[in-house]
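Report on the structure given below.
The values are calculated or read from the model by the stated rules, or taken from the named source; none is laboratory data. Computed from a predicted model, the values in this text were never measured in an experiment. Cβ coordinates were reconstructed from backbone atoms using ideal geometry, including for glycine residues, and neighbour counts include every protein chain displayed.
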Amino acid sequence: MHNVLTYLHENETRFIDELCQYVRFPSVSAQPQHRKDLAACATWLVRRCRQIGLETKLCATPGNPVVIARTPRAKSKGRPHFLVYGHYDVQPPEPFELWKSPPFEPSVKGSSLYARGASDNKGQHLAHLNAIEAYLKTGAQLPCDITFVIEGEEEVGSAHLAPFLRKNRSELRCDTVVISDTSMIGPRHPTLTYSLRGLCAMEIKLHGPSRDLHSGLFGGTVDNPAMALCQLLGQMRDKKGRVTVPGFYDDVRPLSPYERKQMTRQPFNPRAYQKFLGVPKLFGELGYAPIEQRSARPTFEINGLTSGYQGHGSKTIIPAWASAKLTLRLVPNQNPARIRQLVVQHLRKVCPPAVRLEISDGHGGEPYIVSLESNYVQAALGALRKAFGYEPIPVREGGSIPIVNDFKKILKVDTLLLGLALPDDNAHSPNEKFDLGVFAKGMQMSACLWQELAAVS
Ligand code: BES
Ligand code: MN
């Protein structure tokens, strides 16, 4: 173990260089013009995995390829097997003009590396790969088998990964999954995420007149779809910040006293948080603290609104239609299909009568929660404690990684979420960065993790 940590330390500069090479690929999965860049990025990753000494395959899917890389299997049977998941695709970099340095030209400033994908998720899964390199190159005894599954479609919903898991179920059978793709509170507060919110997405459209109408000639006799949409959506939340859909909260599992106690360990300054977000005042469901509101309470959000004239100046029309993109964040034990049904029923019931409501299907993802009493969770907390030198905090987080439920259903295993992204890493925003100190600690954490996990297997 000592050798492994020394090796990681001695090779730090090269690891940073390699992360720089990796983030140079504009592997933007949402944009079709980058398909070749995704393939090139996957090929780079395959080469890197082979250098480490992993048995590596580039697996074609109907979408972007999946990289599978496994440690050479030991002769001794019955060793535990762990799976590490990551994604090499990244969010679109736009708007370009807000980047201080170009998104795909890595630049180191202070102790941070700036580039799209540095934190979400290239730096985070490279930390694990580098830890395994240290084991394989020093000849230290790795107490388990490890398989990396690194996909290229996470940021667009992982459509081809569940079928891939089903097809390769026997090769991927494992004891638990490890993912570093969530946040950590801070370098002095290493974090284990034991719950994620789920998601229910849909688009609604209100149809009015068969074409845009002159608002002077016809206004007053027909309903305005944009106005009707505002009225409809305005009713979805009350003044106390509660979602008004009947039955919406029925299945919400409240925090246990133990969870509540863990929650109070998180440092949180409402004033600093409000300033960081740039809002005049915080707003949320009455009776809950912000930490709980953003992680353990469900929400109804409008992500996009479209209607009428958007160009310069004014245009006096009654728009023919108005539409909205919606997502609801769900918490344990809400079910996305059931919530969709409740929302659709309610929208239909309260929709103004002089417009026609169209609702299209959208993707969904279940919320996730793993018991804090699990041996693996306790072992992972041990690895975080050893590497970071501070007491780790278990947290619920508000984001979603729908694939964790497929790991549960298809491979029948839990996922340990050991995030290395700092809250100010600007994931999905301009000027994304990854903290190089956290990168180094993350490698050490991974090195310790395999010992700790194997010990409780
Ligand atoms: N890595 C994030 C999810 C995340 C980040 C979870 C921080 C918890 C803490 C992931 O890449 C992501 O952004 N997921 C999407 C969901 C997907 C279906 C588009 C999300 O949460 O919006
Ligand atoms: Mn991610």
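Numerical summary
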| read-out | value |
| --- | --- |
| Enumerated helices (runs of 4 or more DSSP H) restricted to the range 341-457, each holding at least 1 residues that are within 16 Å of ligand 2 (Cβ to nearest atom) | 403-406, 436-455 |
| Strands (runs of 3 or more DSSP E) within the range 1-104 that include 3 or more residues within 18 Å of Ile150 (Cβ to Cβ) and in contact with a Ser or Thr (Cβ under 9 Å, 6 or more places away or on another chain) | 66-70, 81-87 |
| Restricting the range 315-368 to residues that are modelled with pLDDT under 95 and touching a Gly at 6+ places or on another chain (Cβ under 8 Å), the residue that is surrounded by the fewest Cβ atoms within 10 Å (Cβ to Cβ) | His363 |
| Residue count, the range 419-448 (criterion: of a type in the set (A, V, I, L, M), under 22 Å from the mean Cα position of the chain (by Cα) and either modelled with pLDDT under 95 or crowded, with 24+ Cβ neighbours inside 10 Å (or both)) | 5 |
| Every residue from the range 218-276 that is surrounded by fewer than 16 Cβ atoms within 10 Å (Cβ to Cβ) and in contact with a Gly (Cβ under 7 Å, 6 or more places away or on another chain) | Val222, Gly241 |
| Among (1) more than 16 Å from ligand 2 (Cβ to nearest atom); (2) crowded, with 23+ Cβ neighbours inside 10 Å - the single one Leu196 does not satisfy | (1) |
| Among residues of the range 119-157, those that are within 16 Å of ligand 2 (Cβ to nearest atom) and either surrounded by fewer than 21 Cβ atoms within 10 Å (Cβ to Cβ) or not in a helix (DSSP H, G or I) (or both), counted | 9 |
| Check on Thr147, touching a Phe, Trp or Tyr at 6+ places or on another chain (Cβ under 6 Å) and more than 28 Å from Pro423 (Cα to Cα) | no |
| Neighbours by Cβ (under 8 Å, 6+ apart or cross-chain): first from the range 110-121, farther than 12 Å from Pro430 by Cα; second more than 9 Å from ligand 2 (Cβ to nearest atom) and modelled with pLDDT under 95 | none |
| Of residues in the range 123-161 being among the small types (Gly, Ala, Ser), within 16 Å of ligand 1 (Cβ to nearest atom) and touching a helix residue (DSSP H, G or I) at 6+ places or on another chain (Cβ under 9 Å), the one nearest to Val404 (Cα to Cα) | Ser158 |
| Unique residue being touching a Phe, Trp or Tyr at 6+ places or on another chain (Cβ under 9 Å) and either more than 25 Å from Lys433 (Cβ to Cβ) or of a type outside the set (A, V, I, L, M, F, W, C) (or both) when the list is Gln91, Gln141 | Gln141 |
| Flag if Ser295 is within 16 Å of ligand 1 (Cβ to nearest atom), in a loop (DSSP other than H, G, I, E, B) and of a type in the set (Gly, Ala, Ser) | yes |
| Count of residues meeting criterion [more than 15 Å from the chain's Cα centre (by Cα) and buried (at least 18 other Cβ atoms within 10 Å of the Cβ)] in the range 169-185 | 6 |
| Verdict on Gly311 being in a loop (DSSP other than H, G, I, E, B), touching a helix residue (DSSP H, G or I) at 6+ places or on another chain (Cβ under 7 Å) and not hydrophobic (A, V, I, L, M, F, W, C) | no |
| Test: residue in the range 68-81 that is in contact with a strand residue (DSSP E or B) (Cβ under 9 Å, 6 or more places away or on another chain), within 16 Å of ligand 2 (Cβ to nearest atom) and either hydrophobic (A, V, I, L, M, F, W, C) or assigned by TED's automatic domain parsing to the domain that holds Gln451 (or both) | no |
